[in-house]
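> Mind looking over this structure? Questions follow.
The values are calculated or read from the model by the stated rules, or taken from the named source; none is laboratory data. Since the model is a prediction, treat every value here as computed from it, not as a measurement. All Cβ positions, glycine included, derive from the backbone under ideal geometry; neighbour counts span all protein chains shown. Side chains are part of the model used for accessible areas, which takes the heavy atoms of the whole protein and leaves out ligands, DNA and RNA. Shrake-Rupley method; radii C 1.70, N 1.55, O 1.52, S 1.80 Å.
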Amino acid sequence: MLHRVIAALFAVLLAAPAAALAVEAAPAEPPKEQPKAPPPPPPPPADADAALTAKIGALYKGKVVRFDPRTLYLELLYEFKDEKEAGDFALSDWAFGGRKGSLKVADGGLRLLKTHQVALVPGRFSSVTAAVDFAMLTSGGEAAACLTVCSDGAGNFFEIVGLYHGNASLQKCSAGGFSWLGRTVPSPFARDRRGSMGIGFANGQIRAPVGNQALEAKDAQFTAGQVGLRAYEGDVEFRNLRIAGTLERAWVEQLMGKAPPPPPPPPDTTPKPKPPPVDEGEF
């Protein structure tokens, strides 16, 4: 009898579906969201320096003697041996007395012809030293040869006048109006009507050598701007223009397509309503 019971139990077990005996698998976990790839890192400084150096090199048709992309120190030389160098000089929209003329490169010199405009070199310098040789082309009469710094192209600049009516002077043009900075001295080039002059500007200090003497002044009205050449009451030829200085960082960033940061919003001066008094009531 016992063997019949055991046989019946085996029969029931064998007849049970396999799924009923299997252990139910645990539900699969949903796939985890993969983290987003981080943005690419900014170019290393070496690449940025190379890009800026290439940009500066392509900007000038004159000779870039030296450029430091970290300090923004730039040296330029114009020997005017190639007519293409004239392409670096743009005549300002402003002209004293409204007299506008032309410029050209010929025989190793840049000539300003029948113009009272400033011939401006690209680039705004926050500090700079410039020097140039000059010669009067107009026979008879009195012409002026001028070398400017901190120019904005709209009648604002400092300049050294190497020769005008036999004298040399340091002066400022503000909104198109001129004033002397310091003393006027006899020009050492009055007889030959040719010579050399220079001007340096940094932190409101101006120094301008003319021959073996130098004129100096302090004036911080203009803090940065372009270097330029100017003639007055006659035609003048300029040779061997040398420029060395530190470019304005804001101008460099604009050159590289970097927009300046937006100005901060103005402070909110709207009067604030006073909170209503608190009724403490009785305790």
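> Rank these residues by their accessible area, most exposed first, probe 1.4 Å: Glu85, Glu216, Glu142.
The most accessible residue leads, giving Glu216, Glu142, Glu85.
> Modelling each spin label as a point 7 Å along the Cα-to-Cβ direction, I'd like the Asp192/Glu142 distance in nm, to one decimal.
The modelled label-to-label distance comes out at 2.2 nm.
> Stokes-Einstein at 20 °C, 1.002 mPa s, Kirkwood radius from Cα pairs: D for the stretch 128-179 in µm² s⁻¹?
Diffusion coefficient, whole number: 179 µm²/s.
> Looking at this model, which pairs from Lys81/Lys172; Lys55/Lys84; Lys63/Lys104; Lys114/Lys218 are more than 25 angstrom apart at the alpha-carbon?
Over 25 Å Cα-Cα: Lys81/Lys172; Lys114/Lys218.
> Among Glu233, Glu159, what's the order by accessible area (1.4 angstrom probe), most exposed first?
Greatest to least solvent exposure: Glu233, Glu159.
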